[in-house]
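Structure, as structure tokens:
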């Protein structure tokens, strides 16, 4: 199928835009990686030393220091929507950093959402570099209206690509320099499935700006020239210039009358000179060598200028103060960096929220109203280490601001979803032990799973609450399924508290919804075995089974 006129015009327009920005993107990448070429003014650098490599990694440092405080950790309020499952399936705990780095370097990064193929997450979220992707942004709807990704061969010639439109995605190939479509996906989302992540946008420049600003590049170039100047000065300082007054030219020739090598004369440790024709001894001396200290003082001054431009402490650029800074002084120096990171979290957070909406569109075909309650979760940039975050959490808990087992507390100390699940399971195990101590003794099951034999003497009424042997369709000894586990009913309580009253593991039984004490059964060596774990659940949370599932 051939591209229509509008589609062909969109490809040509986007391709032209990508080519216009290519030189600037390459320049920014070279500064980030320390590959930018020295800009020689051809004044003080000898021609033989112009090829000496001089590298100053300040642009890369300004990016890395800020990016290290931008840890995207998923979504808050997304439990019912499954967004954190999408986050984990796409490894966004790692992949998100790629988008943040690209946005800080180039000013823009792109997040693409689509359907996953066999063996891929579905929906699939990928990070694309602005070196191969571009798009047009509508400030009114705050979304892209079109986007184009191009794959090039080793010569830089376009081979294939993808055109993203609001209701259709078109895969392209280039044939004799012209794009032709090879496949189409008419998704009818009324949304371009591409999100652009802008760094520090403005109303006049919504596409963002690089953190490697013009000032940072200028200071880096000056530091490179200064560092090379120090290298040249060091060479002259190690072999200072000497002079001989009253010497004859023959003193600097060998036995055959050939002039001595210049380096042999300069580097010679012993200089023996005879008297000249007038019988006078030649006078020998050397010119004082210049110190390299002024060069490094100039580099220190340039580092302070870069630090001010990038909102980072000068110590991050390699210059330490004589006296170690106090904790308060360090926080004061990092205050601008922390505020800058918080602003970037808000800007990048908008992109991650649009990514979430697109993911739900591909998965469910709609964006639920609950999405308004979802927010991106970021680690606090003012406490970038786990130790600092834990110390802050302890102080807030001691002051009564946070609860020890609160989800907010877990998030502030940087626990992953896996860590949270393990902690909850361990707390439930501890609560089970406490529950066993609170209930009557002799609770070990002696009946075969699936029978209704009495397992233990019932607890007397008024001692633990009102206990019965059966309720509606369940009885003591019945096998039930709860959540993802299986167990055997030991007690049915229709009145009173099952467990330790006042604890988080206590359940109040009612005539409408009794509390059940259930012995947990697990598979051990391909057999069902009763464990020591006992849980308390409500009648409404279990399903009666005739027997345990077959193995």
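Quick notes on this structure:
- Condition broken by residue 101, with the remaining ones in (1) within 28 Å of residue 227 (Cβ to Cβ); (2) at pLDDT 95 or above; (3) buried (at least 21 other Cβ atoms within 10 Å of the Cβ) satisfied: (3)
- Residue 468 vs. criteria over 28 Å from residue 551 (Cα atoms), touching a strand residue (DSSP E or B) at 6+ places or on another chain (Cβ under 9 Å), assigned by TED's automatic domain parsing to the domain that holds residue 506 and at pLDDT 55 or above: yes
- Restricting the range 487-506 to residues that are surrounded by 21 or more Cβ atoms within 10 Å (Cβ to Cβ) and under 30 Å from residue 406 (Cα atoms), the residue that is modelled with the highest pLDDT: 487
- Residue 148 being touching a helix residue (DSSP H, G or I) at 6+ places or on another chain (Cβ under 9 Å) and more than 29 Å from residue 32 (Cα to Cα): no
- Yes/no for residue 462 being farther than 30 Å from residue 89 by Cβ, under 48 Å from the mean Cα position of the chain (by Cα) and at pLDDT below 75: no
- Unique match (being under 15 Å from residue 76 (Cβ atoms) and modelled with pLDDT of 80 or more) among 376, 381, 368: 376
- A residue that is buried (at least 16 other Cβ atoms within 10 Å of the Cβ) and not in a helix (DSSP H, G or I) occurs somewhere in the range 402-411.
The values are calculated or read from the model by the stated rules, or taken from the named source; none is laboratory data. For clarity, every value in this text was computed on a predicted model and none was experimentally measured. No Cβ is skipped: glycine too gets one built from the backbone with ideal geometry, and neighbour counts run over all protein chains shown.
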